[in-house]
Each structure stands twice: as structure tokens, then as C-alpha cells.
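We did not get these values from a lab; they are worked out from the coordinates using the rules stated. Just so you know, these numbers come straight off a predicted model, no measurement behind them. In this analysis, Cβ positions are derived from the backbone assuming ideal geometry, glycine residues included, and neighbour counts consider all displayed protein chains.
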Amino acid sequence: MAATLVPSLGAQATSAISVSSSVNLSITATMPVVRLHFSVPVEARDMPRLAVRPALLTAWQQIGPRDVQAVITGNLKPLLRYVIDAPTSVRCATSCTFTRVRAFSASVATNVLWEEQLLATLKYLPLTFSPTIPQSDPAQPTSGTFSWTYPNLPARLSAQWRPGASNVILTGALMSFQNNHQLPTTGVADPTTWNDLVRAAQQDQVDPNPYSFVDVAEATPQHLTLYVAGRATFHTLVNTGISVSPTALGTYPVYLRYTTQTMSGTNPDGSHYSDPGIPWVSYFNGGDALHGFIRYTYGWPQSLGCVEMPFDSAKAIWPSTMIGTLVSVH
């Protein structure tokens, strides 16, 4: 989206030059911020600095005898709003001066590919980002390709990945980053999260935890497989939900954890339950959680939607089910 100004200046001002300004109201690193068209030839090197608030480095480029554009040479701050002073009056002698300007508010839109690039660079995604051209600043958006770091992960996970599109893999990775940086784990990149992402990439603050994934198979005997850094490291029999209270199929990020908790609710027959001391709890979808629970047998539907397992098994996987860890039930 752009805004265009076409002012008319008095002919008696011999040093005045007519100028029209086109301002991009959605800023990206690859698009010009402002384009200027003059009534006479003007050199880009004669242009004064473009005023942008907060400060943003730009440079003028010549794109025609009477046309120049300002391109970004500094670091954009994602989701921030910038105020750009677009010229409406210009006077030129040995150099040019903007004698009147009009302020425009422009924003940096969410850039999903950039978000994915940063999270892959920081090892929060199970993918590797390879830039087309080597970068001096790993935090700046650039073209490149994504490849799977762990090709042995189940295809049901990789099938959910789409570069440049929001998906549960991206949401889980962002929640994990937010958790590690003491931010609200919303899975949405707000301005604070963006700033921390950029800073982390510049300082090489990679994920301190290996990438983990939990796969729950409802086919009997029902079982769970934990993948850590692409390898299946743990298997256990589990119980999922009974027919009147099934465990929802799909892939979900862990969003809440307890070492122990009292679980309470309503049974299908309307009676109430309250079970104290439930250990190693990781919620991944509403009230559905991975946790330990004592049963005589495991491997078939017995729960009210949770994924139950022996205490020892729940304790073994709990350290690898941090906030943002994906749990796939199929």
C-alpha cells in the first residue's frame, strides 16, 4: 500500500522544483520506503537525509533522470510503526533541501519467512536455513532455502510444514523461544518477541535444548514414541481417551506443565472426580495432557482424553516436553 503526494509549487520560485512523493505504508527490507519524481533532472547524491522516526538508516538511489528512491540500509524492527517525512517542497542549488514535508505512518508487516529464518537459525525449528548469499548480519531477512535437519522424524510432522505460511511447527517453535526468553508463550510474534528474536540471532543465542517431538499412536497396543534430535529415544505403552471422551487427533504444542497436580473434573456419567498427586503433567490440547497414572494395564483406551502412562515413563519423557514441544496424536 502506498500514499502519493503531488504538490504544485509557484513558478516564481526559480530554485523550487515540483516533486511528487510515493510512500510505502507497509515497509519491507526489499522495497523502497519513498520514491520521488521531480519536474527536472535531479541527482540522488544531492538529496538530504530522509527523516524517519524511530531512526532508520536509508540511502537514496537514482532510478531515472528525474526519479530517486530511498532504500533501507539499516535494521528494521518488526511490527514497529515508523513515521516518514515525505517531501512536498524541494529547493535545489548546489544541493537540495526539503523545505516542506508531510509525515506518514508506515508499519513493518509480519514476515513469516523472516520469522522462520530466525527460528531455524536459532535451532528452534527441525529445519536448517541456508541463505543464498552469505550474510554479515544473520538477523536480517534474506533469500534462502529450508531443509530438514532430522529426516527421520515422522512424515506426519513434516507434512504440516509450509515455508512462508503459519503452521503448528512454527507456533511450537515460537512458544519454545518465548519460554526460554521469559516472554508470554502465545506463539504469536509481537514486537517484544521480534526484538528478542533479532537480538538472539545477532548474539547466536541458539536453543539450549535439543528439538523434541512426541508421537502418540492410538492403534492398539497404544504407544508413545519420544524423538530427541531426530532419534527415537524412548517408547512406552499409553492409554488414550475412551469413546465418549476421546483424545483429539492432531498435532498440538505443549502449553502448560506441572511436576505434580490434583486433576479434577466430571465423569461421563455426571459424577465428579478429584485425583491428587498426578505426576509429570504436560498439557497440549485443552484439558488433554501427557502424565503418569496408575493402571493395571496400558495400551488401550481408558482415560478421559489424557495420554496416561506409567509413572516411570512419564518421569522419563517430562524433561523433553518443554513448552512448545509438539505432541501428535494419530
Listing 60, 148 by rising number of other beta-carbon atoms within 10 angstrom, fewest first, gives 148, 60
Length-normalised contact order of the stretch 112-202, Cα under 8 Å, at least 6 apart, in percent, tallies to 31
Residue-normalised 222 nm signal for the chain, counting each DSSP H run of n ≥ 4 as -39,500 (n - 2.57), nearest 500 deg cm²/dmol, is -4000 deg cm²/dmol
Per the charge dipole of the chain (beta-carbon charges, Lys/Arg positive, Asp/Glu negative, Cα centre), the residue among 19, 92, 327 reaching farthest to the positive end is 92
When the charge dipole of the stretch 112-202 is computed with +1 on Lys and Arg Cβ and -1 on Asp and Glu Cβ about the Cα centre, the Cα farthest towards its positive end, among 118, 171, 191, belongs to 171
Note: residue 204 to residue 186 extended length (0.36 nm per residue) minus current alpha-carbon separation gives 4.2 nm
Here the cysteines of the chain lacking a cysteine partner under 4.7 Å (Cβ to Cβ) are 306
Which of (i) 85, 22, 13; (ii) 71, 38, 15; (iii) 57, 19, 15 gives semi-axes √(5λ) of the Cα gyration tensor in Å as computed here? It is (iii)
With a ≥ b ≥ c from the Cα gyration tensor eigenvalues, square-rooted, and the rule rounded for a/c under 1.5, otherwise prolate when a/b > b/c and oblate otherwise, the stretch 112-202 is oblate
Here the relative contact order (percent) of the chain, from C-alpha pairs under 8 Å and at least 6 apart, is 12
Length-normalised contact order of the stretch 212-329, Cα under 8 Å, at least 6 apart, in percent, tallies to 35
For the pair residue 220 and residue 80, the simple spin-label estimate (label points 7 Å beyond Cα toward Cβ) gives in nm 6.0
To the nearest 20 debye, the chain has a Cα-centred charge dipole, built from +1 on Lys and Arg Cβ and -1 on Asp and Glu Cβ, of 1100
When the charge dipole of the chain is computed with +1 on Lys and Arg Cβ and -1 on Asp and Glu Cβ about the Cα centre, the Cα farthest towards its positive end, among 283, 63, 293, belongs to 63
